[in-house]
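Asks: Once you've had a glance at the structure underneath, I'll fire off some questions.
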């Protein structure tokens, strides 16, 4: 295939960009070096417009096709995320992170490099009608950078009509893709619970309100929500991952703190779970006499692929990888802030195989450079097919 062959020629350069970004990971919105690197490459490629500072540190490049639009779709957006994670790298790679406590453990270095490679090719050939908008986003890892870019006018300013995202997938063979129509990744909400009981001597529990016991009752009550409130054919996860109380074996602590995460795949289940969490916390407080404060914070919404755009993405992936290269993935309970973009415009989110690598967010994870040709070619073919003159 001409596109794949040309991208194979570009692969060493794209790989070099990826490894440079990997060595210099940056967190959340503090991606100034990465954003400058991206903007400089887009300038070298000859993009028609380059805008920085969207969503604080996001970068957008505009590439116009050399053919007139065919009267249908005129502007398509392609998004990559740029930020890393607060993880100490454990890979011993020659290009390992030079920033202590920071690491590209989710492959955003690869996402950025592949979209840069596509931008170079598209600016060089311009074999399409209409406009391709390449979007480089900060703060996917918990900072809602997608929402910040949208708030800064991303969609309206550049006239984006459809938007697409891509993520690498450990466990998916290189050269293969995975996608599904509808909910593909979960909504994520956070809960913080502060319990105030009555502390005292461990030998006199009857004179206390034991915050540890209260916390245990809260946890047990929360776990019953999924098993006894949510329809078994629906999906929900409640995980309490922090429980802090006490500092001595013979003292019943006055206070305890719980923190956790909630994942759901529909807005209806999301609202139901929130309601039941509040009821459980209130009920335990009334039953035990403890004071319990709950902070329930809604995070990223459900990532929902639109049917027509999912079909487009599937056809393109098959063109790149072959007829058997696309699998239908089950929904995943991880979250992704590309969900905000899919709320704003029709589009689809796809996974590109990373092979038998360590999992995402693992200190031994590394983006597989062999995936570059497939991911970059997917972006190019998506533009050329969607914006065919």
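The values are calculated or read from the model by the stated rules, or taken from the named source; none is laboratory data. All of these numbers come straight from a predicted model, not from anything done at the bench. All Cβ positions, even for glycine, are placed from backbone atoms using ideal geometry, and neighbour counts span all protein chains on display.
Results for (1) under 22 Å from residue 159 (Cβ atoms); (2) in a loop (DSSP other than H, G, I, E, B), shown as yes or no for each residue.
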{"residue": "53", "(1), (2)": "yes, no"}
{"residue": "90", "(1), (2)": "no, yes"}
{"residue": "97", "(1), (2)": "no, yes"}
{"residue": "110", "(1), (2)": "no, no"}
{"residue": "115", "(1), (2)": "yes, no"}
{"residue": "133", "(1), (2)": "yes, no"}
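Asks: Among the listed residues 312, 280, identify the single one that is within 23 Å of residue 240 (Cβ to Cβ) and either buried (at least 18 other Cβ atoms within 10 Å of the Cβ) or touching a helix residue (DSSP H, G or I) at 6+ places or on another chain (Cβ under 6 Å) (or both).
Replies: 280
Asks: Still on this structure, please answer the following. When you go through 152, 109, 81 one by one, which is the residue that is touching a residue at least 60 places away in the same chain (Cβ under 8 Å) and surrounded by fewer than 21 Cβ atoms within 10 Å (Cβ to Cβ)?
Replies: 152
Asks: Determine the pairs where a residue that is on the phi < 0 side of the Ramachandran plot and not assigned by TED's automatic domain parsing to the domain that holds residue 155, located within the range 323-348, has a partner that is at pLDDT below 95 and part of a loop (DSSP other than H, G, I, E, B) with Cβ atoms under 7 Å apart, the partner being 6 or more residues away or on another chain.
Replies: Listed pairs, sorted by first residue: none to list.
Asks: For the range 25-38, give me each residue that is surrounded by fewer than 18 Cβ atoms within 10 Å (Cβ to Cβ) and more than 20 Å from the chain's Cα centre (by Cα).
Replies: 33, 36
Asks: Related question: Could you tell me whether any residue of the range 242-251 is outside the structural domain of residue 337 (by TED's automatic domain parsing), under 30 Å from residue 203 (Cα atoms) and under 22 Å from the mean Cα position of the chain (by Cα)?
Replies: No - not one qualifying residue is present in the range 242-251.
Asks: Working carefully through the options 139, 148, find the one that is under 21 Å from the mean Cα position of the chain (by Cα), part of a loop (DSSP other than H, G, I, E, B) and modelled with pLDDT of 95 or more.
Replies: Criteria check complete, one pass: 139.
Asks: Then there's this: If you go through the range 294-345 one residue at a time, how many are part of a strand (DSSP E or B) and under 30 Å from residue 190 (Cα atoms)?
Replies: So the answer is 10.
Asks: I've got another one for you. Test of understanding: among 20, 30, which residue is in the same structural domain as residue 316 (by TED's automatic domain parsing) and assigned to a helix (DSSP H, G or I)?
Replies: 20
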